[in-house]
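Report on the structure given below.
The values are calculated or read from the model by the stated rules, or taken from the named source; none is laboratory data. Source: prediction; values computed, not measured. Quick reminder, even Gly has a Cβ in these numbers, built from the backbone with ideal geometry, and neighbours come from all protein chains shown. With ligands, DNA and RNA removed, areas are computed over all heavy atoms of the protein, side chains included. Shrake-Rupley method; radii C 1.70, N 1.55, O 1.52, S 1.80 Å.
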Amino acid sequence: MPKTSRAKFTCESVTDYGNSELNVSLIPDYTASAEDNQFSKYTPSGQLKMHVNNPELKDFFVPGKSYYMDFTPVD
């Protein structure tokens, strides 16, 4: 079993509440590429929603842009 799994998600939406507070919604990429299928082949749907309160991330998440997510188990 791999120690880490990588997925590629696309930012679906960002709601900016001001004062560096954001709601971010991301969905897995579903293309036929070998890179995307490393993860999405077995998990063809999903959604990640986060409430972020960090001024350094105010412009980090952009709708339509893709991001890698690495999943590593915590012992």
Rank 56, 12 by accessible area, highest first, at a 1.4 Å probe radius? 56, 12
What net charge is computed for the residues neighbouring residue 17, neighbours being all others with C-beta under 15 Å from the C-beta of residue 17, Lys and Arg scored +1, Asp and Glu -1? -1
